[in-house]
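Take a look at the structure set out below.
Throughout, read-outs are computed from the coordinates displayed, never taken from laboratory work. All values reported here derive from a predicted model rather than from experimental measurement. Don't worry about glycine lacking a Cβ; one is built from the backbone with ideal geometry, like all the others, and counts go over all protein chains shown.
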Amino acid sequence: MKNNKFIKNTLIKFAIKEIICLAIIISILVIIFGLVRISNFNWLYNYYPDLYFGLINIFNSIYNDVGIFIVITIVWLTVTFILLYKTLEQLYTYIKDVTDASKLLFDKETEYIKLPEELYLAEENLNHLKKEYEKSKRLRKESEQKKDDLIVYLAHDIKTPLTSMIGYLSLLDEIDDMPKKQRKKYINIALEKSYKLEDLINELFDITRFNSEKIVLMKEDVNLVMMLEQIVDDFYPILKENDKEIKITSSSKVILNADSKQLARVFSNIIKNACFYSTDREILIDIKTSSDLVHITISNKGKKIPEEKLKLLFEKFYRADSSRTSKTGGSGLGLAIAKDITKLHGGDISAESDENYTTFHIKLPIK
């Protein structure tokens, strides 16, 4: 009701302004026509008699018909006012329909928003937004559930190596005359469990950091090949332990304007997965360039990843290997972080898998 009253008041004010302006214009015209009628244009008659009589006839006609002119103007103004009012009233109705419909975007009980036929585009857009909201809400809920499950699993898993460490260290503390060979064995077991405990704690830190960390890029010129070679050198202990090797092939030197530290996280996360999951000795890294992009592929032989799992690889807290006892068990954040960093660099990351190879494709803009 308040909105209807507002529209009516606005239209009345508009009409009053129109009438006042028109009255002023008509008054000025009447005065001008009157002055022209009584004026003496003898000089014009002396030089241009035909023009003189022509102007006098025109002014006389206008002056004599000014009443009719005023009536026509008032009728025109009235019709314009009515049409304008109806148009604005209809416009208000449409706005009210869209406003009311927008409130249903977050209504659980409303599956589809319906608007008048004239607003079918707005109807489509609102329903698209509603679907995207529901999808985002569902994914966020699933992500939170995965995170909560991981924290519960990790908290439980931390107890196992911690209990073992306490047990073996207690034995070492209690038995002073323990044989050297046995003492060394217990120390190695405790050390191995401590490494496992460190990995699990790091996973908890990763989960917390991912929720609070905002990645900020500090770009500089980066030699891509040299950076990958350095990352491969850092993986030497893991490669040696798993009897693996990495081969890098590149057609040319590639310079990127990128954050070397963040980009290293991308490649490290993917190479780490390849080291653990590869069933073959060789892991292949291939670098190809086009006019404005560099295409890096990291491939390893291994078990085919099903299509439904492949689509979820880059989602937060998703792990293709759901076993918590697996040596490769992680927080499921590595590839999600890799995707975020790649997109921040203006690039793209994807994966494909068949019976022979699982391959990750990273595309980045060249400087």
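Give me the number: length gained by fully extending residue 248 to residue 138, i.e. 0.36 nm times residue separation minus the C-alpha to C-alpha distance, one decimal in nm.
So the extension gain works out to 35.5 nm.
Between residue 160 and residue 181, what is the FRET efficiency for a Förster distance of 35 Å, r being their Cβ-Cβ separation, to the nearest 0.05?
Rounded to the nearest 0.05, the efficiency is 0.85.
Where a Cα-Cα gap under 19 Å defines reach, which aspartates and glutamates qualify for residue 247, not counting those fewer than 8 residues away within the same chain?
Within reach: 229, 233, 234, 280, 282, 286.
With a Förster radius of 41 Å, plug the Cβ-Cβ distance of residue 201 and residue 310 into 1/(1 + (r/R0)^6) and report the FRET value to the nearest 0.05.
Taking R0 as 41 Å, the efficiency between residue 201 and residue 310 is 0.85.
Apply 1/(1 + (r/R0)^6) to the Cβ-Cβ distance of residue 194 and residue 303, taking R0 = 30 Å, and write down the FRET efficiency to the nearest 0.05.
The pair residue 194/residue 303 has a calculated efficiency of 0.45.
Full extension from residue 355 to residue 102: what is 0.36 nm times the residue separation minus their Cα-Cα distance, to one decimal in nm?
Here the segment from residue 355 to residue 102 would lengthen by 86.2 nm.
Can you pick out the pairs among 114/137; 311/363; 184/272 whose Cα atoms lie more than 28 Å from each other?
184/272
Please report Rg (one decimal) and Dmax (integer) in Å for the Cα set of segment 248-306.
Answer for segment 248-306, Rg first and Dmax second: 13.1, 35 Å.
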